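The values are calculated or read from the model by the stated rules, or taken from the named source; none is laboratory data. In this text the structure is predicted, and so the values were computed from the model without any measurement. Cβ sites come from the backbone with ideal geometry, for glycine too, and all protein chains shown count toward neighbours.
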Amino acid sequence: MKRLLLASYRLRIIFRSVFLLLALATFGLALSLLQQEKQLSYNSYQTNFDKTVSQITATLRHPAGQLALLNPPLDQDTASLHPLLLPFSALDFDDQSKVQQAIAMSGCLVQYGNDGSLCVGIGNNPWAGGFIYVAGSFNSAALVSHPRGQLIKDDAHRIRVSVALRGQHYQWIAPFEEEVSSRPNTGIRGRWVGFLESEVAKSGARPVRDFRGWAWQKAVCNDADKDGKDLNCERNTFFSLRLPIAVLQEALFEKKRPVWPPQDLEQIQVELTVLAPESDIPLLDSKSVPSATPFSLNDLNALLLPGESLVLRKSSDKKEVIRLVGKVEQEEESWNLLTRLIRRLPVDEFATPLESKELISTPLDNYELMMKGDVRSISKSLSVVATRVSWFVGAMLLALLLAWLLIEISIIRRITLLTRRAAALSRTMKGAGELDQLDVSDLRSPDELGVLASGLHDLLRRVKEDVERETIRTEQEKQMWHAVGHEIMSPLQSLMVLHSSTEDESHRYISRMQQAIKVLYGSATPSEAFQSTVLQIGELDLTEFLRHVSNNAPHAGINKVLFESELGAIVVKADEYSLEDVVTHVLKNADRYRPQETSIRISLEIDEANAFVIIHNQGPHIEEDMLNKIFEYGVSDQLESGANGNRGQGLFVAQTYMAKMGGTIIARNVSDGVDFVLSLPRPLR
């Protein structure tokens, strides 16, 4: 009684300690998760910070970033289109590939819908001349050329471009003049011949010498369904211009060290329109609203996380070019207690400020990049998450308390009684008749535990009945096998006397029948009998054995069995009768599925350790998922197989005997039928 009383208190102490530990573990798990999340958030933030610095540095070192550095964002409104300071000394405007590559890398193109684009810029080298470069593309029909030497009319494609700066206004009109190409199917190529618009109407007007322009129109139409020979289909035309600006050229020679780029670069206004023949509707107009503008330093703001700051200044005069700060969105409210708790959680290197300094070189000056991170956002974001999660933690603790109270009051005592009685029964029970010793009548009730006790009582009663029935059935089956074996063995003994000569073919089959009866005699089930069989394994000439089996196959009702082998005597380890049973089962299976008038071929292959018997029959393939299942006991695709004598045990017997002889049997599908491969070990010589 003292031991039982002590055990009862011990279980209650353990049970209550477990619930207390669960509560402490829940709280500790929450703190541990917060600390890990803080560490992971800090590591992730540091990684993202480094990636952001690398991405911004790589962007600014790219020609597109160089263009943004050389042309910082303007605070005031300026002309819709003004020249940009390019990160190149000049543009090779005569070479289409070089111009396209330069403006594509620098990202200076201004997109006007899907029909056109423009890039207006000046070189970063003042000694390249006071020129403004214009390049872009537009879509139009085949370019119409202006006849040389005639008055400028609207009978050809033309470009009208104007530049306004420092009180001066330059305006040109440039008709297109085609150049004959020696290479066919290369498109249209020609010049833009620039005239001062004020002198176009005068007779004998001469083109401006320093005005240069080229146009390259593709040979293929934009619409792939149209033929390139159709002059009215739209094609893409790329062009480049060099505009001579006298005011800029004169300013270069006023001082020994000219000011470059011009201080009023953003005040220079450029307008350009491309006109079709006999039309005033522009194919490309710089005054239209652009759909995409070049990359700007303000676009870097999208890369900054909340609280991060980015400062760019020139190295020469320390003048600040731009300052960007990541936008801080209004966050949800959090408990101050949680925020202070999260800030006190130890995290490696959390107190170290995140800063990075980089140097960006451009053709005109060096720029210092300084970026600072804001780790306070980590605690703020975590506190918001922790505030939401804290309700779940509190709910879990409350649920643990309620579960402990309910289990303690209504369940634990009755479970202890039931467990104690079941343990006592398991220690003393030796037979099915002792199952009645478990008395659970006092534990029955309408609740779950009562239902469990009632179900346990009914289950034990049914188990007892099933055990008794199974004992009777097993004994009956064993007696039946004894009776069947006894009745069959007597006639077989008489047949053995009649066919006592070993040269008689009937003697061989009678011996196999006797062995099969001995295997099954006294066993409860056939599968157990086959698996418990002990074979007499010895050395066997496999070639002579297979030849003998193929010759005697017609006696077993299997015709047209051909054995093909050029090998001599092959000795293997096997039991002759069991191996003959295996081959006979496989031959019967092959005979069942082969088409009529086709033969079953047996071949023999060897390697250093094994001999392989391949039994091939033509016919349907075995389903892939059935290649292994056909060797299981009772598996057969014959309807009412038991009634027809097919119990699904032939291949099971074959696999069992092969395993006992140290070999294997597999089935595989080939092109014209199925192969069964039997492998047998060869004795070591």
Quick test of your reading of the structure: Glu368 fulfils all but one of (1) at pLDDT 70 or above; (2) acidic (Asp, Glu); (3) touching a helix residue (DSSP H, G or I) at 6+ places or on another chain (Cβ under 9 Å); (4) assigned by TED's automatic domain parsing to the domain that holds Ala23. Name the failing condition by number. (3)
Residues of segment 257-272 being of a type outside the set (Lys, Arg) and either farther than 18 Å from Leu241 by Cβ or surrounded by fewer than 20 Cβ atoms within 10 Å (Cβ to Cβ) (or both), which ones? Pro258, Val259, Trp260, Pro261, Pro262, Gln263, Asp264, Leu265, Glu266, Gln267, Gln269, Glu271
For segment 626-640, check the following and say yes or no: at least one residue is acidic (Asp, Glu), farther than 22 Å from Ala553 by Cα and either modelled with pLDDT of 90 or more or over 45 Å from the mean Cα position of the chain (by Cα) (or both). yes
So, of the residues in segment 1-39 that are at pLDDT 75 or above and small (Gly, Ala, Ser), which turns out to be farthest from Thr416 (Cα to Cα)? Ser32
Have a look at Pro282, Pro207, Pro261 and point out the one that is assigned by TED's automatic domain parsing to the domain that holds Leu151, under 29 Å from Gln168 (Cβ atoms) and either among the small types (Gly, Ala, Ser) or in contact (Cβ under 8 Å) with a residue 60 or more places away in the chain (or both). Pro261
Within segment 15-39, residues being more than 30 Å from Glu408 (Cα to Cα) and either in contact with a Leu (Cβ under 9 Å, 6 or more places away or on another chain) or surrounded by 13 or more Cβ atoms within 10 Å (Cβ to Cβ) (or both) number 6
Extreme residue, surrounded by the fewest Cβ atoms within 10 Å (Cβ to Cβ), among residues of segment 564-605 that are part of a helix (DSSP H, G or I) and charged (D, E, K, R): Arg592
Can you tell me which residue among Ser291, Ser315, Ser286 is small (Gly, Ala, Ser), under 22 Å from Asn71 (Cβ atoms), surrounded by 17 or more Cβ atoms within 10 Å (Cβ to Cβ) and under 48 Å from the mean Cα position of the chain (by Cα)? Ser286
